[in-house]
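J.: Please read through the structure below; I'll follow up with questions.
Laboratory data are not the source of any read-out in this text; all were calculated from the coordinates shown. Quick caveat: nothing in here was measured; it's all calculated off a predicted structure. Neighbour counts run over all protein chains shown; Cβ positions are idealised from the backbone, glycine included.
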Ligand SMILES: [Zn+2]
């Protein structure tokens, strides 16, 4: 592991797409959005993700 500080690379978003529509309870489960702040080391390529807490 190097000691190069990680630099902010952007925000990565994806959906936890679980299709529970046939159960009739889709409001919260159908698309649960998650977002992570991505930090990467410009030297060795190490990547770390930090979850964002958006209100
Ligand atoms: Zn590194």
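J.: Can you sort 39, 12 so the residue with the fewest Cβ neighbours within 10 Å comes first?
T.: Values: 39 16, 12 13.
In increasing order of surrounding Cβ atoms, one gets 12, 39.
J.: Between residue 4 and residue 52, what is 0.36 nm times their sequence separation minus the Cα-Cα distance? Round to one decimal in nm.
T.: Answer, rounded to one decimal: 15.0 nm.
J.: If you don't mind, another one. Extension gain residue 11-residue 43, at 0.36 nm per residue separation less the Cα-Cα distance, in nm?
T.: Here the answer is 9.5 nm.
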